[in-house]
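Since the structure comes first, as structure tokens, the remarks are kept for the end.
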Amino acid sequence: MQEGQEGSPGDETIGPRETCARLSLFQIFKLFFRLGSVCFGGMWAAMDRLERELVDKRKIITSEEQKSLMLAAAIIPAPKFLAFAAMVGYRIHGFGGAVVALISILFPGASLVLIACVLSTQAADSALLNAVQHSVGLGVIGLLLGNAARMFFAGNHSISILIRGLFITAGIPVFVYLVQGPLIVAACLSLICGTFILRVGEVIPND
Amino acid sequence: MIESTESLSVGVVEVVSVIAFSTLFSLGGGNGQLAIIQDHWVAAGVLSPALFAWAYAIGNFVPGPKVSFVAGVGYFLAGFPGAFACLIGVAIPTAIGASLAAHWYERMRGYVEIFLPVSGFVIAGMMLTAGIGLAVHVEIAHWEVLFVFAVAGLVWLRRWDPALVVGLAAVIGSLRGFVLDSWVLSIF
């Protein structure tokens, strides 16, 4: 791969490259640990801060590359923010950089979650905590149902596609709760059958 | 109700495997991971719905990727080794997938895009299943059903952030707990 060509339109790889700012693994750890400590609300919400840190301040990637990596992170089967960090880490320092980046960006949040869970275990008998947990549980159920609706209607599909999509979506709980089949099987079957049902190419978002 | 984690006996290998597999269902930004965890441990009675929801709720309040909630799930399942196992489970497929994607972005995009159109419907189905699964395991009063649907409507139509939903639910829960358990009961 010739230097200067990577990341250009039509290029097939956006892997580690010579022109990318070369940071040591420890520097990658420090960078992503800090990002993991200050970025709230997921990858898209943290876009500005990521741009300031990675594009403007450290010049690790360009603004266009950042957007390209964010899109790539959204289409691979992994949590977006983690995948984005790993892809940037990979560009800087190969696979080792990817591993260090995702561990360091995950570490602050995971540590706080763990501390909160440990503390809440200590207060297991608190009626107040139980009431809060019950309400939060209801909120999470609403969140799941609302997000399911959002995912279903995302993409501005035509009525015809939505009707077919309804069979794909509803088929999963039907398979799990009425047929008593495993969710994993239901999801995989829906993914494969749904691809044929929708016939790729027909589902084109209006925007 | 928070339970002790000492009595739970989920192996770390199982935790790593299930979480790693569930990570593959994060395609397209949807959190299909929740559905896999709910189906495998909550529906099976290994993890209580309250603890599962609690870990997820906390994950929405901390900085960094929201998937950090799996550390809480792992802790409730198998203590600190479980939390560590969950993080490993998330990290392995993500590191491999992201590295491959970074290296062969254009080539892989073609294959992934085959499943993208249907992924929204599939993940919607998985989230619907997870929501139903949680609701089945929680005692819900009639008025609370309205609360659940109000939240669902706000999340869907007004795009309420999970942190806002969880924060509001926590405030309502704490007010309710405080009023019911402290004031009213002490007075009467």
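A few remarks follow.
- Residue in the stretch A:83-100 that is more than 10 Å from chain B (Cβ to nearest Cβ), among the hydrophobic types (A, V, I, L, M, F, W, C) and crowded, with 23+ Cβ neighbours inside 10 Å present: yes
- Pick from the stretch A:121-152, criterion surrounded by fewer than 21 Cβ atoms within 10 Å (Cβ to Cβ) and under 16 Å from B:Met126 (Cβ atoms), ranking: nearest to the chain's Cα centre (by Cα): A:Arg150
- Among the residues of this structure, A:Gly89 does not count as one that is touching a residue at least 60 places away in the same chain (Cβ under 8 Å), in a helix (DSSP H, G or I) and out of contact with any helix residue (DSSP H, G or I) (no Cβ under 6 Å at 6 or more places or on another chain).
- Condition met for B:Val166 (in contact (Cβ under 8 Å) with a residue 24 or more places away in the chain, of a type outside the set (Asp, Glu) and either at the interface with another protein chain (Cβ under 7 Å from one of its Cβ atoms) or in a helix (DSSP H, G or I) (or both)): yes
- Remark: pairs (first residue in the stretch A:166-184, without any contact (Cβ under 8 Å) to a residue 12 or more places away in the chain and facing chain B (nearest Cβ under 7 Å); second residue loosely packed, with under 14 Cβ neighbours inside 10 Å and assigned to a helix (DSSP H, G or I); Cβ separation under 8 Å; 6+ apart in sequence or on different chains) are absent.
- Within the stretch B:50-69, the set of residues being over 12 Å from A:Phe107 (Cα atoms) and among the hydrophobic types (A, V, I, L, M, F, W, C) comprises B:Ala50, B:Leu51, B:Phe52, B:Ala53, B:Trp54, B:Ala55, B:Ala57, B:Ile58, B:Phe61.
- Qualifying residue in the stretch A:13-24 (condition: assigned to a helix (DSSP H, G or I), modelled with pLDDT under 80 and not acidic (Asp, Glu)): no
- A:Ser190 fulfils the conditions (1) buried (at least 22 other Cβ atoms within 10 Å of the Cβ); (2) more than 17 Å from B:Gly59 (Cα to Cα); (3) more than 7 Å from chain B (Cβ to nearest Cβ); (4) of a type in the set (Gly, Ala, Ser) except for a single criterion, (3).
- Residues in the stretch B:137-162 that are aliphatic (A, V, I, L, M) and in a loop (DSSP other than H, G, I, E, B) were compared, and the one that is farthest from the chain's Cα centre (by Cα) is B:Ala141.
The values are calculated or read from the model by the stated rules, or taken from the named source; none is laboratory data. Note that this is a predicted model, so its numbers are computed, not measured. Glycine also receives a Cβ, built like all others from the backbone with ideal geometry; neighbour counts cover every protein chain displayed.
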